[in-house]
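A quick write-up on the structure given underneath.
FYI, it's all coordinate maths here, none of it is from the lab. Here the structure is a predicted model, which means the values were calculated and not measured. Here the Cβ positions follow ideal geometry from the backbone for every residue, glycine too, while neighbour counts run over all protein chains shown.
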Amino acid sequence: MVLLHSANGVDWQSPPKGTSLKTLSEAEEQGFILIRGEFQKRQFRLTEMGFKHVEHDKRRLEARKS
């Protein structure tokens, strides 16, 4: 979930420092992100499903604060 929330929109971007390949692979398998590149040049972007999931989660967290 931290990986998804760290995304800045749906553009290609580098994963946050310390993100493991396993974390990226699991998010990709679940359909939340797409991955391109290898090793230090690896990038990810949210899929439409991933973007909707993050937006829903952000609204849920905001509602809990109120």
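Please tell me the relative contact order of the chain in percent, rounded to the nearest whole number, where contacts are Cα pairs under 8 Å and at least six residues apart.
This gives 33 percent for the chain.
May I ask you to list the chymotrypsin sites (Phe, Trp or Tyr not before Pro) in the chain that are in a DSSP loop and have at most 15 other Cβ atoms within 10 Å of their Cβ?
Sparse-neighbourhood loop chymotrypsin sites (Phe, Trp or Tyr not before Pro): W12.
With r as the distance between the Cβ atoms of R60 and S14 and R0 = 25 Å, compute the FRET efficiency 1/(1 + (r/R0)^6) and round to 0.05.
So the FRET efficiency works out to roughly 0.40.
Angle, helix 48-65 long axis vs. longest principal axis of the chain, Cα atoms, 0 to 90°, nearest 10?
Its long axis makes an angle of about 40 degrees.
Please work out the ratio of the alpha-carbon Rg of the chain to 2.2 N^0.38 Å and round it to two decimals.
Normalised Cα radius of gyration, the chain: 1.13.
Each residue of the range 2-8 in turn: what ³J(HN,Hα) in whole Hz from Karplus with 6.51, -1.76, 1.60 and θ = phi - 60°, glycine and Pro shown as x?
With coefficients 6.51, -1.76 and 1.60, one gets 4, 4, 5, 6, 7, 5, 9 Hz.
Between G31, G50, G18, which gets the highest mean-square fluctuation from a Gaussian network model of the chain, Cα cutoff 10 Å?
G18
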